[in-house]
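For reference, the structure discussed in these notes is given below.
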Amino acid sequence: MLTAPPEAALSTLRGTEKHLSRDPVKAEAYRAEIMKLEKTGYATRVSPEKARTSKESWFIPHHLVTHNGKNRVVFNCSFTYKDQNLNELLLSAQTSSFSSPDGAKEVIDKLRGLLMEGGFELRQWASNIPDVISHLPKEISVGYLRTEDAAGHVEVAFLTARSRVAPKRQLDSAVAVCSLTGAQLANLLIRELTLEVSRVVMWTDSTTVLAWIQSDSCRFKVFVGTRIAEIQELTDSQAWRYVETSENPADDLTRGRHCRISGENRWTQGPPFLWLPPDQWPTHPIAEGEDVAEELRRPTTCLMATVTTNHPLPDAQQFSSFSELVDSDLKHPGAERLFAELRRKFWILRGREAIRREQRSCPECQRWRAQPVNPKMADLPPARLRLYRHRFSQRD
């Protein structure tokens, strides 16, 4: 039996509380993440009595990590108590072999279902039989038809579902592919249904993808940018809304849950909130869905120069030389200063060379740029050069 009492992690908890007391903003973010874990069912409250009497409890420290503007709680499973920690006691990955593909598929279903009961998801499957890999759940998009009569009676019907294998990329890119599948499915339903559809609402449980759809597709790299552009072409970006993962029926299959196509369940009848008035539907969370930096294009600076022709050219007849034209008003400045001033109004081909050539022949410019001559010292008198002679030994 694994048992680590609350006192084992109490010192770490006190240190974390002391640190958070000096940073109220981080403390509030920490509290919000803990509440999110509890709301989604990944964590449940345990009574003090149960925690004290349980013989299978293991208290471990945790801390808040912020990355790319997103917060998450990290549990320290390497925390050691009486020379034991969870990382060492957990089973390491093993390679299993089966006598038939059907046996492997059966184990996949049982293993995924067992892990999902604890809120865990197993990733990175590998098999030498393609049929086994194709048995894994794919990215799913589901379409429902919601109708409401004059009396306010609502009916929600399952129309169709579409799936595809997600790319082996990071999670947000995979969700972008799923969102595109949903946009294509919605476009297909609008064309094929004989009923007049008054409104189309698109739902996603990814705040990042939702923010991408509301942005310009050119901001992102090719893989994400092209898919976001097609989503914006097929659907109205304002039609997209946020739904919690726990309320998203399309997420059930991707997590290994068994979905029955008969009877009353949320897979066939849609999520419960669709039966409510639209003003009671889920709302978009505030201050979430920041861009994933890896999917943004590198910024490129583009500069544009305009030529204006409203500056009248000076009358050359009023000046006797080029030097008088360019130097007199500026009091014979340096070449770069004069070049910069000229470019405010005129563009002279090979202007620097022309300015330096003119300044080399301008007496006033040469006078200002002349180096001072160091005076030469006169020869020392012979008496200063004689050695080993007593002072005042010789009179001049």
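Could you list, in sequence order, all residues of the range 33-60 that are touching an Asp or Glu at 6+ places or on another chain (Cβ under 8 Å) and at pLDDT 80 or above?
Within the range 33-60, 44, 45 meet the criteria.
Restricting attention to the range 130-145, does a residue exist that is surrounded by 12 or more Cβ atoms within 10 Å (Cβ to Cβ), modelled with pLDDT of 75 or more and farther than 22 Å from residue 184 by Cα?
Scanning the range 130-145 turns up at least one residue that is surrounded by 12 or more Cβ atoms within 10 Å (Cβ to Cβ), modelled with pLDDT of 75 or more and farther than 22 Å from residue 184 by Cα.
Condition (residue is assigned to a loop (DSSP other than H, G, I, E, B), in contact with a strand residue (DSSP E or B) (Cβ under 7 Å, 6 or more places away or on another chain) and outside the structural domain of residue 207 (by TED's automatic domain parsing)) applied to the range 35-44: is it met by at least one residue?
Checking the range 35-44: not a single residue is assigned to a loop (DSSP other than H, G, I, E, B), in contact with a strand residue (DSSP E or B) (Cβ under 7 Å, 6 or more places away or on another chain) and outside the structural domain of residue 207 (by TED's automatic domain parsing).
Go through the range 345-368 and give me each residue that's at pLDDT 80 or above and charged (D, E, K, R).
The answer is 350, 352, 353, 356, 357, 358, 360, 364, 367.
Out of all the residues in the range 204-247, which are under 16 Å from residue 177 (Cβ atoms) and not in a helix (DSSP H, G or I)?
Matches in the range 204-247: 204, 205, 206, 220, 221, 235, 240.
Go through the range 61-97 and report how many residues are assigned to a loop (DSSP other than H, G, I, E, B), modelled with pLDDT of 80 or more and surrounded by 10 or more Cβ atoms within 10 Å (Cβ to Cβ).
8
Before we move on, is residue 50 basic (Lys, Arg), outside the structural domain of residue 129 (by TED's automatic domain parsing) and either assigned to a loop (DSSP other than H, G, I, E, B) or under 28 Å from residue 251 (Cα atoms) (or both)?
In short, no.
Return yes or no: is residue 212 surrounded by 14 or more Cβ atoms within 10 Å (Cβ to Cβ), at pLDDT 85 or above and not assigned by TED's automatic domain parsing to the domain that holds residue 125?
It is true that residue 212 is surrounded by 14 or more Cβ atoms within 10 Å (Cβ to Cβ), at pLDDT 85 or above and not assigned by TED's automatic domain parsing to the domain that holds residue 125.
The values are calculated or read from the model by the stated rules, or taken from the named source; none is laboratory data. Nothing here was measured: the structure is a model prediction, and the numbers come from that model. Every residue, glycine as well, gets a Cβ built from its backbone with ideal geometry; the counts of neighbours run over all protein chains shown.
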